[in-house]
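The values are calculated or read from the model by the stated rules, or taken from the named source; none is laboratory data. Note that the structure is a prediction, hence the values are computed from the model and not measured. Glycine also receives a Cβ, built like all others from the backbone with ideal geometry; neighbour counts cover every protein chain displayed. These area figures cover heavy atoms from the full protein model, side chains too; ligands, DNA and RNA do not enter into them. Shrake-Rupley method; radii C 1.70, N 1.55, O 1.52, S 1.80 Å.
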Amino acid sequence: MFEFAMNLNYKTFGDGFPLVILHGLMGSLDNWLSLAKRFSTAYRVWIIDQRNHGKSPFSNEFSYHILVNDLHDFFEQNGIEKAHIIGHSMGGKVAMDFAAQYPEMVEKLVVVDVAPVAYDDRHSHIFKALLAIDLSRVAGREDVETQLHTLLNGEDERTIQFLMKGLYRNDENNFAWRFNVPVLWKAYNEISDRVGGSPFLGQALFIKGQKSNYITAENFSAIDELFPNNELEEIANAGHWLHADAPQVFAEVVERFLQA
């Protein structure tokens, strides 16, 4: 049994047709703040902290089924009948699953650097490093960053800085993570799993980072099967966080698709 959906933390900007943005694993709505403000010149933009992330409530339950229910409840709570949806990585899988289950609520779908397939383990070493750090005993942010560099020796510096964005001091002035490490780790196999369901016949844009291997020639057949009315755009010199690597190009690609 899953818990009832909760009141998710969100920010909203602008007026017009709704545009909902979903962050990826261990991310938050803050990752999308600049782009949300840009898109708000044409749309009513909603950026959401999904459960167990950001400032949304933490829960012992976590799955795509639950996240889709959370999003459906969010639409109802905020009077959103239909929206464009942008989802990155894990958020992209939530968006794909939502579109398959509630196609009448999705105008256009933008999936950022992920396919509806199962992925090999890409994050276990990160979870193990996070769980190895005793935040109750650290001297300061620099101490946490040093430990991450040691535990994740050889990891890309961008990953370290991405994780550090999730470190904060809670109401008791103790360090904590903005993402629920033990619950996400427990659910990691499901997070990495494929998403399925009925094909979504609406317009879907998949955006790939040139340096990323999340969308490949080998797994594109799964996209064609579930999203037959798809387009693919590749952003040069960008990796998995392509919206941060090339925000201007990314925004232009999204705007062209939504306005077409």
Restricting attention to the range 225-248, which residues are open to solvent by 70 Å² or more (accessible area, probe 1.4 Å) and within 11 Å of Gly209 (Cβ to Cβ)?
Glu234, Asn237
Which of the residues belonging to the range 157-189 are surrounded by fewer than 12 Cβ atoms within 10 Å (Cβ to Cβ) and either in contact with a helix residue (DSSP H, G or I) (Cβ under 9 Å, 6 or more places away or on another chain) or farther than 22 Å from Leu135 by Cα (or both)?
Glu157, Gln161, Asn174, Asn189
Of all residues being over 29 Å from Glu61 (Cα atoms) and hydroxyl-bearing (Ser, Thr, Tyr) in the range 188-224, which is nearest to the chain's Cα centre (by Cα)? Just the residue, please.
Ser212
For the range 89-197, please list each of the strands (runs of 3 or more DSSP E) lying entirely inside it that holds at least 3 residues being free of Cβ contacts under 8 Å to residues at least 40 places away in the same chain.
167-169
Are any residues in the range 31-48 over 17 Å from His84 (Cα atoms) and either buried (at least 22 other Cβ atoms within 10 Å of the Cβ) or within 11 Å of the chain's Cα centre (by Cα) (or both), and if so, which ones?
Asn31
Looking at (1) in contact (Cβ under 8 Å) with a residue 12 or more places away in the chain; (2) out of contact with any helix residue (DSSP H, G or I) (no Cβ under 8 Å at 6 or more places or on another chain); (3) surrounded by fewer than 16 Cβ atoms within 10 Å (Cβ to Cβ); (4) part of a loop (DSSP other than H, G, I, E, B), which is the only condition Ser56 fails?
(3)
